[in-house]
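Heads up: the structure comes next, in structure tokens.
No lab work stands behind these numbers, since they all come straight from the coordinates. The model shown is predicted, which means the values in this text are computed figures rather than measured ones. Don't worry about glycine lacking a Cβ; one is built from the backbone with ideal geometry, like all the others, and counts go over all protein chains shown.
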Amino acid sequence: MRKLLLERSVATPPVLTGRLLEKGDFFDMIHVRVVLAAMTATALAVPAAAQDYSLDPAYGTVDLEVGFLPDPHRVDLQSGGTIDAGEAIGGECIGFIADAPDFRLNYTAGDLPLFIRSQSEEDTTLVVNGPDGNWSCNDDGPAGLDPEVVFTSPASGQYDIWVGTFGEPANYAAQLQISEIPSAGAVLDIGADPTYETVDLAAGFLPDPYVVELDSGGPIDAATEIGGDCTGYIFGAPDVRLNYDSSGGPLSIAAFSETDTTLVVNDPGGNWVCADDTGESLDPAVWFDSAPSGQYDIWVGTYGEPEIAPARLEISELE
């Protein structure tokens, strides 16, 4: 089946978007923002070349499903090989890799993103062949020379992974890490593509409220990174971007969840407007009496700890 998928991708290439620590101690050590967009690796719809995913992987196979523990799953290996990925695969794939995969992941996906990264004292690269037969590659990730491939909406199936060596066909000690937790090392980027949706609304829009289902939370402490009234843990990239054509009337942005959530909004004037609880409710809301036209970047955070939880964002002109 996977061979058939790969052959089909050659005829009509699809587009694939490929947003270090234990789960228990990861969040205590985070002190920087994570931008999913900055971490997202370039995915290439190209046919397989010299690499043969039917070969047994050199360092083993693991079956993981969403929510796996411990996270990250770690594999010690030797990077590199004799094949130039830039010539064999092309596109953004670089580094020298082996013919057979270094490692194989059979993954049962859920609602979380999937992060595949490598750590080494040397400059390594990553080459990943996903369940649909497409290639996703990365050289330098958010933390420097350590590469990272991110699948924001991963598919279930087989991921064949090569850890390459940059610049020369040498072999270096490296650690492959498979995780559902963003790595530290990126910075806040208001201009980053939103993780869930960009919506254009004009005054009088219907249906009202406009609803976006998403996951709240992230590893970034908004109180530390933004300050003021901003609280909660968020991701680096906005969750939703609203382009709003106002008539000068009111606008509300609210979040609803079974978890205690927060809201962080950067308004058209570049101001941070944040909310935690609304009255006796744990559901936050931001209210603009006379909302200006322009771009609103919106984050839905989780209060108290950097967990990820389902939430519903509602944008409304109703009081």
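Before moving on, here are some points about what is shown:
- Relative contact order computed over the stretch 171-319 (Cα-Cα under 8 Å; 6+ residues apart), in percent: 32 percent
- Remark: spin-label model distance Asp140-Glu305 equals 3.6 nm, labels positioned 7 Å along the Cα→Cβ axis.
- Label sites at Gln295 and Trp272, each approximated as a point 7 angstrom past Cα along Cα to Cβ, lie 1.8 nm apart.
- The alpha carbon radius of gyration of the stretch 227-294, expressed as a multiple of 2.2 N^0.38 Å, is 1.12.
- Put simply, when 79-90, 214-225, 58-69 are sorted by average Cβ atoms within 10 angstrom per residue, most first, you get 214-225, 79-90, 58-69.
- Contour minus Cα-Cα distance for Glu121 and Glu280 (0.36 nm per residue): 52.1 nm
- Loop-located GluC sites (Glu not before Pro) in the stretch 114-163, at most 14 other Cβ atoms within 10 Å (DSSP): Glu121
- Counting other Cβ atoms within 10 Å as a rough exposure proxy, the listed residues Leu105, Leu313, Leu188 run Leu188, Leu105, Leu313 from fewest neighbours to most.
- Residues of the stretch 241-256 with amide N under 19 Å of the 7 Å Cα→Cβ point at Glu319: 247-254
- One quarter of the convex hull surface built on the alpha carbon atoms of the stretch 197-316 amounts to 6.7 nm², the projected area averaged over directions.
- For the stretch 120-216, the pair-distance distribution built from all alpha carbon pairs, in bins 5 Å wide starting at 0, is 2, 9, 16, 18, 15, 13, 8, 6, 5, 3, 2, 1, 0 percent.
- Sequence ranges 294-302, 108-116, 169-177, 242-250, ranked by mean other-Cβ count within 10 angstrom, highest first: 294-302, 108-116, 169-177, 242-250
- Note on Leu206 and Ser54: the extension gain reaches 49.6 nm, defined as 0.36 nm multiplied by sequence separation minus the Cα-Cα distance.
- Student exercise, the stretch 254-302 dipole from Lys, Arg, Asp, Glu Cβ charges, in Debye to nearest 20: 240 debye
- Environment charge of Gly95, counting only residues whose C-beta is closer than 10 Å and scoring Lys/Arg +1, Asp/Glu -1: -4
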